[in-house]
Amino acid sequence: MADGANTQTARWLLAILVLLVLYGSLYPFTLRSVQYEDVLDLVSRLRWERTTRGDIFANVLLYLPLGAALAWALPQRLGGLSRLVLATLLGAALSLSVEVAQYFMVRRVATLSDVATNTAGTFLGCLGGLAVATAARRLAASDAFRLTREPASAAIVVLWLASFLPPWLPPLDTSRWAESWDALLAAGPPPWHAVALSALGWLVVGLALRALTRPQYVLAALAGLVALVLAVRFTVLSRFAGPDEALGAGVALLAWPLLARLDDRRLPAVLFLALLATVAWRALEPFAFTAQAQPMNLVPFADLISRGSTGLNLPRFFEKAFAYGALVWLLVRRDSAALPAGFVVGAILLAIESLQVWTPRDWHVPSLTDPVIALAAALMLATFGRR
């Protein structure tokens, strides 16, 4: 896309990200009475509080996309350094405004620590965005790497990798790795649908890589990503790893050479049907329906928002965003329009959530989150996708 189109698109994305930050930071929007003189009085009450590694990790991660969007949305004529400084200041201002607003919200804790970590996330996101912008100019003319011409495919890969993030930043303690590995071996075989979802995730990534690079590079790139993710998951993040991840990755690497023979219409159809069936199975098992219906949560993302100050459960959000975004993306790869594809996937997910109302309470939480994510993915594809 041209620079003007990039800037316009980035500004739309920036608006969406700001809304998400406000939603996740101020939910459940339950107000409480606060005595104060003016805004400066509220700002002066902010204190440095001891925070957890999870809060630091989540707060930085939450503002990374905001900083990246600012790197593209701010006028290009300002130059890289000016955009970096301005983006950091804007991120700090947004975070400070959110913290002041949290004084009036039940179950929210306003601290300067959050402002600092959010500002750091904005700075790092903008720095990364500027680096991507510089690289994008060089990649624009490349036929071997089509990152700038296939932004939706690149987003699919990023969402899949982000789904492996832990809920908090674990300590680098190698003495616990052996204990975690023993626990994994003692856990027994994983459920088939967990292995299938892992395998299908990697196969969808393989299809995305086929859109992003030359066919002869795909298997090597896929194997490299698998090796990188599994190496991190079974060492640094071994507490969060499961045997389904290794088995699913192995199945995907074995299956890709066979599936790669399918053309660009049949392969997306096969992956769509397999992914949809596996998602539906996991959402409805053990298929024990009750006569007493449980209520559906009508507030989107409420099931993903923690009760503390960390906002969204980001790993779970990325997992859902990948799965439902991939379903929409696969239909788009079949030459469907993005918005109709989103409505189809959203309707299917809404039907699944409606069935979950009749499942045991301890197994599933019916919510509008999943259909909304599918519709949001369709909107993003319609805005950013090349096809």
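Looking only at the range 48-79, residues that are under 19 Å from Gly91 (Cα atoms) and not in a helix (DSSP H, G or I) come to 4 in all. The residues on offer are Ala347, Ala337, Ala326, and the sole one that is at pLDDT 95 or above, open to solvent by 40 Å² or more (accessible area, probe 1.4 Å) and either within 30 Å of Leu61 (Cβ to Cβ) or out of contact with any Lys or Arg (no Cβ under 6 Å at 6 or more places or on another chain) (or both) is Ala347. For the range 57-81, the set of residues classified as open to solvent by less than 20 Å² (accessible area, probe 1.4 Å) and under 14 Å from Gly121 (Cα atoms) consists of Ala58, Asn59, Tyr63, Leu66, Gly67, Ala69, Leu70, Ala71, listed by residue number. With respect to the conditions (1) surrounded by fewer than 22 Cβ atoms within 10 Å (Cβ to Cβ); (2) in a loop (DSSP other than H, G, I, E, B); (3) modelled with pLDDT under 85, Asp264 falls short on a single one, namely (3).
Of the residues making up the range 101-118, those that are farther than 11 Å from Tyr27 by Cα and part of a loop (DSSP other than H, G, I, E, B) number 5.
Per-residue answers, yes or no, for (1) open to solvent by 20 Å² or more (accessible area, probe 1.4 Å); (2) in contact with a His (Cβ under 7 Å, 6 or more places away or on another chain); (3) outside any loop (DSSP other than H, G, I, E, B); (4) of a type in the set (Phe, Trp, Tyr):
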position	(1), (2), (3), (4)
Leu276	yes, no, yes, no
Trp281	yes, yes, yes, yes
Phe289	yes, no, no, yes
Pro300	yes, no, no, no
Phe318	yes, no, yes, yes
Val332	no, no, yes, no
Ile352	no, no, yes, no
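Scanning the range 82-99 for residues that are among the β-branched types (Val, Ile, Thr) and either open to solvent by 20 Å² or more (accessible area, probe 1.4 Å) or touching a strand residue (DSSP E or B) at 6+ places or on another chain (Cβ under 6 Å) (or both) returns Val85, Thr88.
A quick yes/no check of all residues on (1) at pLDDT below 80; (2) among the polar types (S, T, N, Q); (3) outside any helix (DSSP H, G or I); (4) at positive phi:
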{"position": "Arg149", "(1), (2), (3), (4)": "yes, no, yes, no"}
{"position": "Ala155", "(1), (2), (3), (4)": "no, no, no, no"}
{"position": "Val158", "(1), (2), (3), (4)": "no, no, no, no"}
{"position": "Trp168", "(1), (2), (3), (4)": "yes, no, yes, no"}
{"position": "Pro189", "(1), (2), (3), (4)": "no, no, yes, no"}
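Among the residues making up the range 171-182, a single one is surrounded by fewer than 12 Cβ atoms within 10 Å (Cβ to Cβ), of a type in the set (A, V, I, L, M, F, W, C) and assigned to a helix (DSSP H, G or I): Ala178. Among the conditions (1) free of Cβ contacts under 8 Å to residues at least 40 places away in the same chain; (2) under 25 Å from Asn313 (Cα atoms); (3) surrounded by 13 or more Cβ atoms within 10 Å (Cβ to Cβ); (4) of a type in the set (A, V, I, L, M, F, W, C), the only one that Phe234 does not satisfy is (1). Met105 fulfils the conditions (1) buried (at least 19 other Cβ atoms within 10 Å of the Cβ); (2) within 23 Å of the chain's Cα centre (by Cα) except for a single criterion, (2).
The residue that is most open to solvent (accessible area, probe 1.4 Å), among those in the range 354-387 that are closer than 28 Å to Gln294 by Cα and polar (S, T, N, Q), is Ser354.
The values are calculated or read from the model by the stated rules, or taken from the named source; none is laboratory data. Here the structure is a predicted model, which means the values were calculated and not measured. We place every Cβ from the backbone using ideal geometry, glycine too, and count neighbours over all the protein chains shown. These accessible areas exclude ligands, DNA and RNA; they are computed on the full protein's heavy atoms, side chains included. Shrake-Rupley method; radii C 1.70, N 1.55, O 1.52, S 1.80 Å.
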